[in-house]
Structures are given as C-alpha cells and as structure tokens.
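Colleague: Sending over a structure as structure tokens; questions will come in a sec.
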Amino acid sequence: MTDMPHSLATAEPVDNLTVMGGGLVGCLLALYLTRHGHAVELFERRPDIRGNGPVEGRSINLALSDRGWRALEGVGIAEAVREVAIPMHGRVMHDVQGNLTYQPYGQAGQSIYSVSRAGLNRRMLDLVEQEPTITLHFNQQCRRVDTRRQELEVLDTETQQARVVPYRRLFGVDGAYSAVRSALQRTDRFNYSQEYLNYGYKELTIEAAPGGQWAIEKHALHIWPRGQYMMIALPNLDGSFNCTLFFPYEGPESFAALQTPEQVTAFFDRVFPDALPLMPQLATEFFDNPTASLVTIRCFPWTLQDQVLLLGDAAHAIVPFYGQGMNAGFEDCTVLNELLHRFGPDWARVFQEFESQRKPNTDAMADLAVYNFREMRDRVADPRFLLQKKIESKLSAQYPDKWLPLYSQVTFSNLPYAEAWANGQAQEEIMQRLMPHIQTEEDYQRPEVQQLVAAEMARRP
Ligand code: FAD
C-alpha cells in the first residue's frame, strides 16, 4: 500500500505515542503509527533479540496466512518475510502405523507459511529501527500503569532502576500477560476472563536429514493425531522441523505420567513410531524444554477513553489451533490503519470504532480456535471426517459462489472472523444432513445425493 501519509523526519509529529511491547504486533503497530506521522516510543522488556545472547522466550514457528500477509504488505515488508517463509500446501496426517494421509489446505496455489517467530521479530525490529520517528527502548519492563496520572513505572532490567515515564496515549501490545491490561482491570466495569485448557505444550525437534534435507515432506504441516493428544511439526529452512506436543497435564497418558527418559522413549515408540527415529534429542529436550500452558483470554473494553488501547494478545489471547493468534493481531493493525485513514487523529473515535469492530471478530476467532483443537485432536484421524472433508471440497468446486470451506474463510480470506464462524456453523449443519446419504466419495455423484445438494444450495444466499 502506498497511499499512506509517510512521516517526514523533519516535520513535527502529529502526536507522541507510547507502545508497550516490541513483539510481533507491537513492532508492526509502531510501523503503522509512524506512517501516519506520529512519533513512537516503543518499550520492550527483553534485551534486543538481535544481539549475540541466547534468544529468550518462545522459539516456535508460526503459520502465517492471508490476514497476516495483508498486514505486512500494508507497510511494505511482506516480500522480505516471504524470503524466509516456507509454504505449506496441506496437512500430512501420520497414523500409528506410520501411514500418511494428505489433505490440501485450499485450492491449488493456496498455502500457509511456516516462519520462525524469532526470525520474524528480528526482521521487524530491523525495520522499526530504520524509522527515525520510532525510539526503541530495550530491557524496559512496565511494572505499573497509573491511568489517572497517565504515568508508567518502568524497570530497567539491567540496572534494576525504576523510573516514572509520562504518556499521552498508550498502546498495550505486551502479550497475553499484559501489564497495561492489568491496569485497565482495576478500572470500573472492566470485564475479564481467562480459561486454561487441561493441556500443555512442549517444543521438540525433528533433526535435518544428512545434507540439510527435510526428513519428511517439507511443504506440509505434519500432524500425529491421537485422540486425547497430538503432535504437530512445521518445517524450518535448515531441514529440521519444530515439533509441538499438545498433551494433557494429568492422566494415564500425560506429562505427569512421563517421568524418565526411558518412559518418554517407550511412549514415543508406541504412539509416534515414525517420528521417534528422527528425534535423536528427544529424551533431553523433553526434560530440558519447559511445559507451557494454553489459555484463552477475553476482556472488554480494550480502551480507556482516548488514552489507552489494547491490541494483539493483550486484548485477545487464543489457543494456537487455528494458527491465527499472530494473524489476528496483525489484522488488528490493518483495521486500526483503516480507521486512522478515515478519522485521522480523532483518537476517541478511532479507539471506539476499533474495539466495537474487532471484539465480536476476535471472540469468534477464540471459539474457532477451541473448535479446531477438537477437530485436529479427535476428528482428523476419523475416516468419516476425512470423507466429509472430501465431499466439502466437491461441493465447493461445484458451487464456488455458495460454498467456501470454513478453513479457507478463516485462512485464505479477509472475511470478518464472526461471519466466517457463522457460515461455518451453517455449513456444518448442512453436512450433518447430507452425510448420512454418503458412504463413499463416489456417492456424491448419485442422482438422489445431487438432488439433496441442489436443494440445500438453493436455500443458501
Ligand atoms: P507477544 O508475541 O507475546 O509479544 C509481547 C511482547 O511484549 C513481548 O516482546 C514481551 O517481551 C513484551 N512484554 C511483555 N510484558 C511486558 C512488560 N511488562 N513490559 C514491557 N514489555 C513487555 N499465531 C499464528 O498466527 N500462527 C501460529 O501458527 C501460531 N502458533 C502458536 C503456537 C503456540 C504454541 C503459541 C503459544 C502461540 C501461537 N500463535 C500463533 C499465537 C502468537 O504467538 C501470538 O498471537 C502472537 O505472538 C501475539 O503477538 P503479540 O505481539 O500480541 O504478543
């Protein structure tokens, strides 16, 4: 997009803004705000991750899809990211015998992309640093926000010195455990809920094959669905794969039940036999890497007058099963950018429009993420479900104007999440009516099935 009022280093900034959190969404937000002529002070708790020290925090790969790409394109950085992204055209399911089933994600040419979180964050920090109107402050942890005085208490994590920093307008993009949100929680009529799954996750590695090759299909997201738990793997540029095991905290098959390297190896040998030989570091990684929790956080309002706005995980943290958390946070930036174009620096209007537009959509996305957790965990291994997916693609091919699969609406479109979710539920009801008449893929062509399909489609808008 080139229609933005690019700021000029010499011009007076329209407004002085404070962004708390230099993660993925915070960096992108700062880039957008500066393009509207504002000066931005960006505070980040961690040291500069581009330094030589160990990279703190989550090292996982993320799936980037259309909403994310659109937001990156909006500040002209999509091409730079594309160079380090690996397209994944579909899911490869691994059963207990090691048999593989392939399910494309969308139409030919549609893919989601595996990107390294740390790599993407580093690249975005480089771009942020090039902007003369953004000032970056690392090792600065927000400890408290005094919303009445409009002051932040910031701790320098290197010197352990705390200081008070005044703000005029504060953007809280400090993640799921946001300090800015904590301050809003103490304001009147602020709603807040957090819900944990009984599952945790652990990152593991499939090593590169000799010569830096990929030991399993490179251009796919791999899933080992096992009913009550599952493992997924996303490709890295160096031939390895980042695996994530989603596993109950307690129970007969759980983190609690695996206490020794022998137990871990025996368990993987039994349930993920084709993956085990590709994971030589398994026993070490299993005990060295932390077990992290999975939470959905909802809150409202996201604003305090025209002074504070929450975006990204700080406003709406979701479980990762649709691969949409970052994409949704990036889409926040797209929406805010559109509102800044419409209303200029009328912040009260911009903030209010933003939260009323976004909240129903991120709530729908939170529901979709939990829904997809159940689908990936329980249903992708079920032959009836796989048949249903095949029939849905036939329907979509036959009636492209009336039927876009839910996954495509979420992943390969910019349709508001709430609309996608409502459409998806209506489509599932239709499938529940059709599937009793369908036992094989060929049944779809039977005249009586075609008649039922035509009648259903005639009722759709
Ligand atoms: P964060 O990435 O959490 O960044 C917040 C930043 O604020 C951090 O840099 C942090 O250091 C800083 N900060 C925090 N507190 C303070 C403070 N007090 N003071 C100063 N700075 C502070 N999303 C996808 O789109 N696709 C995926 O495939 C995907 N997979 C995921 C897999 C897992 C296992 C998980 C857990 C999440 C996944 N997500 C995925 C979600 C995605 O990681 C988040 O939605 C995204 O990182 C949110 O970005 P953010 O900038 O809002 O928050």
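Colleague: Just one of the numbered conditions (1) out of contact with any Lys or Arg (no Cβ under 8 Å at 6 or more places or on another chain); (2) farther than 24 Å from Pro104 by Cβ; (3) crowded, with 21+ Cβ neighbours inside 10 Å is not true of Lys359; which one?
Modeller: (3)
Colleague: Tell me whether the stretch 399-409 contains one or more residues that are modelled with pLDDT of 95 or more and in a helix (DSSP H, G or I).
Modeller: Yes: the stretch 399-409 contains one or more residues that are modelled with pLDDT of 95 or more and in a helix (DSSP H, G or I).
Colleague: Just one of (1) over 27 Å from His36 (Cα atoms); (2) surrounded by fewer than 17 Cβ atoms within 10 Å (Cβ to Cβ); (3) touching a residue at least 40 places away in the same chain (Cβ under 8 Å) trips up Arg144, so point out which.
Modeller: Just one mismatch for Arg144, condition (3).
Colleague: Of Ser178, Ser182, which residue is touching a Gly at 6+ places or on another chain (Cβ under 8 Å), within 15 Å of the ligand (Cβ to nearest atom) and either modelled with pLDDT under 95 or small (Gly, Ala, Ser) (or both)?
Modeller: Result of the check over Ser178, Ser182: Ser178.
Colleague: How many of the residues making up the stretch 140-157 are more than 10 Å from the ligand (Cβ to nearest atom), among the polar types (S, T, N, Q) and over 16 Å from Gln185 (Cα atoms)?
Modeller: 0
Colleague: Could you go through the stretch 358-374 and let me know if any residue there is outside any helix (DSSP H, G or I), of a type outside the set (D, E, K, R) and under 26 Å from Val96 (Cα atoms).
Modeller: no
Colleague: Which of the numbered conditions does Arg298 fail, given that it passes all the others? Conditions: (1) in a helix (DSSP H, G or I); (2) charged (D, E, K, R); (3) over 30 Å from Glu442 (Cα atoms).
Modeller: (1)
Colleague: Sticking with this one: Can you pull out every residue in the stretch 301-327 that is away from the ligand (no atom under 11 Å from the Cβ) and either outside any strand (DSSP E or B) or among the charged types (D, E, K, R) (or both)?
Modeller: Residues satisfying the conditions are Pro301, Trp302, Gln305, Asp306, Gln307.
Colleague: Oh, and also: Which number in (1) surrounded by 20 or more Cβ atoms within 10 Å (Cβ to Cβ); (2) assigned by TED's automatic domain parsing to the domain that holds Asn61 marks the one condition that Gln305 misses?
Modeller: (1)
Colleague: Before we move on, is Leu339 over 26 Å from Gly200 (Cβ atoms) and away from the ligand (no atom under 13 Å from the Cβ)?
Modeller: Taking the combined requirement at face value, the residue satisfies it.
Colleague: Something else now. Pull up the stretch 342-351, narrow it to residues that are under 18 Å from Gly74 (Cβ atoms) and part of a helix (DSSP H, G or I), then point me to the one that is nearest to the ligand (Cβ to nearest atom).
Modeller: Val350
Colleague: Looking at Ala420, is it closer than 28 Å to Ile232 by Cβ and modelled with pLDDT under 95?
Modeller: In short, no.
Every residue, every condition in (1) within 22 Å of the chain's Cα centre (by Cα); (2) under 26 Å from Thr362 (Cβ atoms); (3) not in a loop (DSSP other than H, G, I, E, B), yes or no:
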| site | (1), (2), (3) |
| --- | --- |
| Val40 | no, yes, yes |
| Met93 | yes, no, yes |
| Gln97 | no, no, no |
| Gln103 | yes, no, yes |
| Gln110 | yes, yes, no |
| Arg122 | yes, no, yes |
| Leu125 | yes, yes, yes |
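Colleague: Given the condition touching a residue at least 24 places away in the same chain (Cβ under 8 Å), among the polar types (S, T, N, Q) and within 20 Å of Tyr371 (Cβ to Cβ), answer yes or no: does some residue in the stretch 438-455 qualify?
Modeller: no
Colleague: Looking at Gln324, Gln305 in this structure, which one is in contact (Cβ under 8 Å) with a residue 24 or more places away in the chain and at positive phi?
Modeller: Of the residues listed, the single one that is in contact (Cβ under 8 Å) with a residue 24 or more places away in the chain and at positive phi is Gln305.
The values are calculated or read from the model by the stated rules, or taken from the named source; none is laboratory data. This is a predicted model, so every value here is computed, not measured. So basically every Cβ, Gly included, is an ideal-geometry build from the backbone, and we count neighbours across all protein chains shown.
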